[in-house]
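The values are calculated or read from the model by the stated rules, or taken from the named source; none is laboratory data. These numbers come from a predicted model, not from an experiment. Note that we place each Cβ from the backbone using ideal geometry, even for glycine, and neighbour counts take in every protein chain shown. SASA here: full protein model, heavy atoms, side chains in, ligands and nucleic acids out. Shrake-Rupley method; radii C 1.70, N 1.55, O 1.52, S 1.80 Å.
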Amino acid sequence: MAHTYDHPGEGAAADPIRLLAVRETPLSVDEVFGAVGDAAAGGTALFVGTVRNHDGGADVGALGYSAHPSAEAELRRVAEKVAADFPVRALAAVHRVGDLVVGDLAVVVAVSCPHRAEAFAACRRLIDDLKSEVPIWKHQTFADGTEEWVGV
């Protein structure tokens, strides 16, 4: 007797986009990694972007991210394109907004696929397209008092 399963990750009907968010609260690698678990995936790639203490040779004193109201919708569009272009079993992406300090997680993305090469390629596309297409902007204040907006 054949069984049909509707559990996440089982069967073709499951939505591979498991978690998408732009949020002001701290991000969790465990949450994102847990969201992409799938019994049919042999490879999971995860990328974590953290706030570093320098940029372009200057010491970063403060950093904040702002998002356009359309950011989550654009994030979904990017995720759907990655899921359509690769054999994605599960995908998750979260980006932080607000004031952050050095060491804070700014973005966490993960993709699981049947094989590792596909997972690496899909994860790279996801983070690259997120950074280039989702309207989230970084405002940096350097130790010398100068400021810079990135992504606008």
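Details
- With each label modelled as a point 7 angstrom along the Cα→C-beta vector, the residue 128-residue 40 pair spans 2.6 nm.
- Residues of segment 54-142: accessible area per residue with a 1.4 Å probe, Å²: 45
- Whole-number percent relative contact order across the chain, with pairs defined as alpha carbons under 8 Å at least 6 apart: 32
- Folded to 0 to 90 degrees: helix 116-133 orientation relative to the chain principal axis, Cα: 40
- Rounded to the nearest Hz, the phi-derived 3J(HN,Hα) couplings of segment 42-47 under the Karplus curve 6.51 cos²θ - 1.76 cosθ + 1.60 (θ = phi - 60°) are x, x, 10, 10, 10, 10, where x marks glycine and proline.
- Residue-averaged [θ]222 nm for the chain, counting only DSSP H segments that reach four residues, each worth -39500 (n - 2.57): -8500 deg cm²/dmol
- Computed over the chain with a Gaussian network model linking Cα atoms closer than 10 Å, the most mobile of 25, 50, 141 is 25.
- A Förster distance of 41 Å, applied to the separation of the beta-carbon atoms of residue 150 and residue 33, puts the FRET efficiency at 0.90.
- For the chain, the longest principal axis of the alpha carbon atoms and the long axis of helix 71-85 meet at an angle near 40°.
- Highest GNM mean-square fluctuation among 35, 122, 58, for the chain modelled with Cα contacts below 10 Å: 58.
- Extension gain (nm, one decimal) between residue 76 and residue 58, 0.36 nm per residue minus Cα-Cα: 3.1 nm
- Which label in (1) 17.7, 58; (2) 17.0, 71; (3) 24.9, 88 gives the computed Rg and Dmax of the Cα atoms in Å: (2)
- Zone of residue 24's modelled label, taken as backbone nitrogen in segment 35-67 under 16 Å from a point 7 Å along Cα→Cβ: 64-67
- For residue 61, the residues whose modelled amide H falls within less than 5 Å of its own, excluding neighbours fewer than 5 places apart on the same chain, are 141, 142, 143.
- Projecting the Cα atoms of 112, 46, 142 onto the charge dipole of the chain (Cβ charges, centred on the Cα centre) puts 112 farthest toward the positive pole.
- Size of electric dipole in the chain: Cβ of Lys, Arg +1 and of Asp, Glu -1, about Cα centre, debye, nearest 20: 340
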